[in-house]
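K.L.:
This is the structure I have questions about; it appears just below.
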Amino acid sequence: MNFPLITAIQKYSLHDGRGIRTTIFFKGCPLACVWCHNPETQKFTKQLLFQSELCTGCRSCIKACPSSAITINDDRAKTNDLKCNKCGVCTEYCLMNVREIAGRYYSIDELIEIIERDKIFYEQSNGGVTLSGGEVFSQDIKYLEELLSKLSDKGYSINIDTSGYFQFSIIRRLLRYIDTFLYDIKVMDKDLHKRYTGVDNYLILENLKLLSAEGASIWIRIPVIGGVNDNLANMEQTAKFLLEENIAVQEINLLPYHNTGLGKYNRLQREHVGMDFTIPETNKLEQFLEIFKQYGFEHIKIGG
Ligand code: SF4
Ligand code: SF4
C-alpha cells in the first residue's frame with residue numbers, strides 16, 4: 001500500500017457538505033485547471049513553497065541544507081529544484097517562516113486520530129469527513145478502501161469531493177462507504193474543457209451517469225469562472241444534461257471564482273496563466289440559479 005501525500009487537513013469546514021466537517025486535501029490530480037485555487041494539490045510529489053518577497057537573505061537555510069540546493073541571488077534565497085529533495089530541513093531553520101513543504105504522508109491511524117478529535121462537532125451538526133484534493137480517486141485504492149472502511153465503521157458521514165475523472169470499475173467497491181459525492185461539472189463544451197483543464201469531459205459525464213444509476217447521493221458543484229463558463233448557454237447545457245440523463249441531483253452549488261489562490265502560484269514559483277479570469281457578478285449568478293430552477297431543480301445555492 002502506498003501512502004498518499006496530503007497537503008492540508010482543514011477543520012471546522014462548513015462548505016464541503018452538510019454540517020461541520022474535517023476536509024482532507026490529497027495531493028495529485030489528473031486535471032490541471034488553470035483557475036485552480038489550490039495549485040499545490042495538482043502534482044503528486046512534494047513541492048517547496050517559498051515566499052521570496054519576505055526572505056531577508058539571512059543564509060540560515062543555506063547552512064542547514066544537506067543537499068547544497070540553496071544559493072543567494074539578489075539578497076534572496078534561490079533553490080535549485082533539481083538538487084532539492086524536499087527533505088524540509090530548511091523550513092525548520094528559516095526564522096522568517098517563508099519556506100514550506102507541500103505534501104506529507106499520514107498513516108491511516110494517524111489520520112483517523114486527527115479526525116476523531118472533532119467527533120463532537122460532527123455529531124452536533126450532522127457533519128463528518130470530506131476527502132478532497134487534488135483527486136481523491138487518483139490515490140492508492142487500498143489505502144482509500146481501508147480509510148473509508150474504518151471511518152464508516154466508526155459511523156462517520158463521508159463525502160468525496162471529486163473531479164469525476166477516474167476509472168469507475170476501480171472505485172465501485174468504495175461506493176458503499178460514501179455518503180455524498182460533491183461532483184464537479186466545469187464546462188460542458190468538451191474543447192473548452194480540454195483547453196482549461198487538460199482533459200475533455202467525456203469520462204467525467206459518463207461517470208456521473210454511472211454514479212447516479214448506482215443510487216449515489218450527488219451534489220453538483222459548478223465553479224463559475226468569468227470568461228470561461230459564465231454564460232447562459234453553458235448553464236442551460238448543464239441543466240439540460242442533468243435533466244435528460246436523469247441524474248439524481250440532491251443539490252447544485254454555483255461556486256464563483258475567487259483569486260485568493262494567486263499567492264500560491266508565486267510561492268510555487270509558477271506563472272498563473274489565468275490572471276485575466278473575472279469574478280462573476282451576483283446578478284449573473286442569480287440568472288444561472290434561475291435557469292436550474294426552470295429545469296426543475298430545487299436545491300440550488302450560490303456558494304458551497
Ligand atoms: S527542502 Fe531540503 S534539500 Fe530542499 S532546499 Fe530545503 S533543506 Fe535543501
Ligand atoms: S532562512 Fe529564510 S529568510 Fe533566511 S535566506 Fe533562507 S529563506 Fe531567506
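K.L.:
Looking at region 135-224, what helices (runs of 4 or more DSSP H) fall wholly within it and have at least 1 residues that are over 21 Å from Trp35 (Cα atoms), among the hydroxyl-bearing types (Ser, Thr, Tyr) and out of contact with any helix residue (DSSP H, G or I) (no Cβ under 8 Å at 6 or more places or on another chain)?
P.N.:
Hits in region 135-224: 168-171, 202-213.
K.L.:
Do we have any residue at all in region 29-37 that's more than 30 Å from Ile222 (Cβ to Cβ), open to solvent by 10 Å² or more (accessible area, probe 1.4 Å) and either modelled with pLDDT of 95 or more or hydrophobic (A, V, I, L, M, F, W, C) (or both)?
P.N.:
Checked against the condition, which is being more than 30 Å from Ile222 (Cβ to Cβ), open to solvent by 10 Å² or more (accessible area, probe 1.4 Å) and either modelled with pLDDT of 95 or more or hydrophobic (A, V, I, L, M, F, W, C) (or both), region 29-37 yields no hits at all.
K.L.:
Return yes or no: is Glu92 within 16 Å of ligand 1 (Cβ to nearest atom), part of a helix (DSSP H, G or I) and closer than 30 Å to Lys186 by Cβ? Reasoning before the result, please.
P.N.:
Working: within 16 Å of ligand 1 (Cβ to nearest atom): yes; part of a helix (DSSP H, G or I): yes; closer than 30 Å to Lys186 by Cβ: no.
Against the criterion (within 16 Å of ligand 1 (Cβ to nearest atom), part of a helix (DSSP H, G or I) and closer than 30 Å to Lys186 by Cβ), Glu92 does not qualify.
K.L.:
Of all residues in region 102-126 being open to solvent by less than 40 Å² (accessible area, probe 1.4 Å) and closer than 15 Å to Glu40 by Cβ, which is nearest to ligand 2 (Cβ to nearest atom)?
P.N.:
It comes out as Ala102.
K.L.:
I've got another one for you. Hey, does region 291-300 have a residue that's in contact (Cβ under 8 Å) with a residue 60 or more places away in the chain and crowded, with 16+ Cβ neighbours inside 10 Å?
P.N.:
no
K.L.:
Pick from Thr162, Thr197: which is polar (S, T, N, Q) and touching an Asp or Glu at 6+ places or on another chain (Cβ under 7 Å)?
P.N.:
Thr162
K.L.:
Out of everything in region 54-68 that is within 12 Å of ligand 2 (Cβ to nearest atom) and either small (Gly, Ala, Ser) or assigned to a loop (DSSP other than H, G, I, E, B) (or both), what residue ends up being surrounded by the most Cβ atoms within 10 Å (Cβ to Cβ)?
P.N.:
Selected residue: Cys65.
K.L.:
Within region 69-81, does at least one residue satisfy the condition of being hydrophobic (A, V, I, L, M, F, W, C) and either open to solvent by 90 Å² or more (accessible area, probe 1.4 Å) or in a loop (DSSP other than H, G, I, E, B) (or both)?
P.N.:
Yes, that holds for at least one residue.
The values are calculated or read from the model by the stated rules, or taken from the named source; none is laboratory data. This is a predicted model, so every value here is computed, not measured. FYI the Cβ positions are ideal-geometry reconstructions off the backbone, even for glycines, and counts take in every protein chain you see. Keep in mind that these areas ignore ligands, DNA and RNA; they rest on the heavy atoms of the full protein, side chains included. Shrake-Rupley method; radii C 1.70, N 1.55, O 1.52, S 1.80 Å.
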